[in-house]
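Since the structure comes first, as structure tokens, the remarks are kept for the end.
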């Protein structure tokens, strides 16, 4: 078996241990307020049990790229990004009315079910949405708590905090651009790529790399430039793969129903390319079917057929390949450590050849 330069299994394990330790302390804190809050922690624990841990991995290798040494503190700081990501997922699922996440009921559905089972007053859906919004807010607050309590020196944390702040702000702005695109966007490839840049490319790869780099004491300069040159195109490829899986993926692997992005009316690059190349009849069908809250299998298959027939799927695959190649070229002369260079090259493949 080939040696893994990225060490993703070990990073996942260490990040998992940091999250487990943090959540065990939060259980005592929430329980001290009231037992009614403990189901929140159960939902959070279930959500955090899954995931690829890519953001912590990129943070770790940003740290190592700038000369940082291995140690528990960087894993704890990187684990804070999983709390941030979980916050985004909980809120995203409320906005998209998603039923599942990572193969289990989404948080708002989980709490709506508690309402129904308890025979409580009012609307189960409203209760579920309200609980999920609050849980997402709590996760956002916990991001700073875990980050600041990671054990890294105060100077390192001061250097990293502006990057974490920018990452959060850009992620939220990207989420709004995505929402805006569904309701009022022009449906162009350029608009879809703008959403990708802020909602995914910067948030998933570039900013985690910059955070690790800043924590290692190299906040600016040629390392940052090289990591951006790698992170942005790879982040675009990562999201393009996500868009393809959102339509053509296997639910057993993705943890979400096939065609969920179609039901949500996502104006992805994949859809934008198809609309540009579609006949009038195909475009009318796309516009009618996208965002259908009760799609049937035949309707979803019609859309898939258009995405394939117009060459949009093939074009997306070409874009993924060219973006990965651009990212790898940025690593060639990057002023980073050799282990980080090898690890980031491997992560480029892991992030874009996935099936989940």
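Bear in mind these aren't lab numbers, they're just calculated from the coordinates by the rules spelled out. If you're wondering where the values come from, they're calculated on a predicted model, not measured in any experiment. Virtual Cβ from ideal backbone geometry, glycine too; neighbours counted across all protein chains shown.
Remarks
- Using a simple spin-label model with pseudo-atoms 7 Å out from Cα toward Cβ, residue 342 and residue 253 lie 2.8 nm apart.
- Debye intensity ratio in log₁₀ form over the Cα atoms of segment 277-356, taken at each q of 0.16, 0.19, 0.26 Å⁻¹: -0.74, -0.85, -1.18
- Stretching the chain fully between residue 281 and residue 49 yields a gain of 79.1 nm (0.36 nm per residue, less the alpha carbon separation).
- Per-residue packing, averaged as other Cβ atoms within 10 Å, sorts the ranges 88-94, 184-190, 74-80 into the order 74-80, 88-94, 184-190, beginning with the highest.
- With 0.36 nm allotted per residue and the present C-alpha distance subtracted, the residue 102-residue 42 stretch has 20.1 nm of extension available.
- Calculated [222 nm] ellipticity per residue, helices only, for the chain: -24000 deg cm²/dmol; basis is -39500 (n - 2.57) per DSSP H run with n ≥ 4, divided by all residues, nearest 500.
- Protection proxy ranking, highest mean first, for peptides 46-59, 14-27: 46-59, 14-27, where packing is the per-residue count of other beta-carbon atoms within 10 Å, averaged.
- Taking every alpha-carbon pair under 8 Å whose residues sit at least 6 apart, segment 8-352 reaches a relative contact order of 19 percent.
- Label positions at residue 322 and residue 176, each projected 7 Å from the Cα along the C-beta direction, are separated by 3.2 nm.
- Modelled label positions at residue 148 and residue 292, each set 7 Å beyond Cα in the direction of Cβ, lie 5.0 nm from each other.
- Spatial separation of Cα centroids for segment 226-245 and segment 98-115, in angstrom: 29 Å
- Sites residue 4 and residue 33 - FRET efficiency at Förster radius 30 Å, r taken between beta-carbons, to 0.05: 0.10
- Normalised alpha carbon radius of gyration of the chain [divisor 2.2 N^0.38 Å]: 1.01
- On full extension, the segment bounded by residue 308 and residue 332 gains 5.2 nm, given 0.36 nm per residue less the C-alpha separation.
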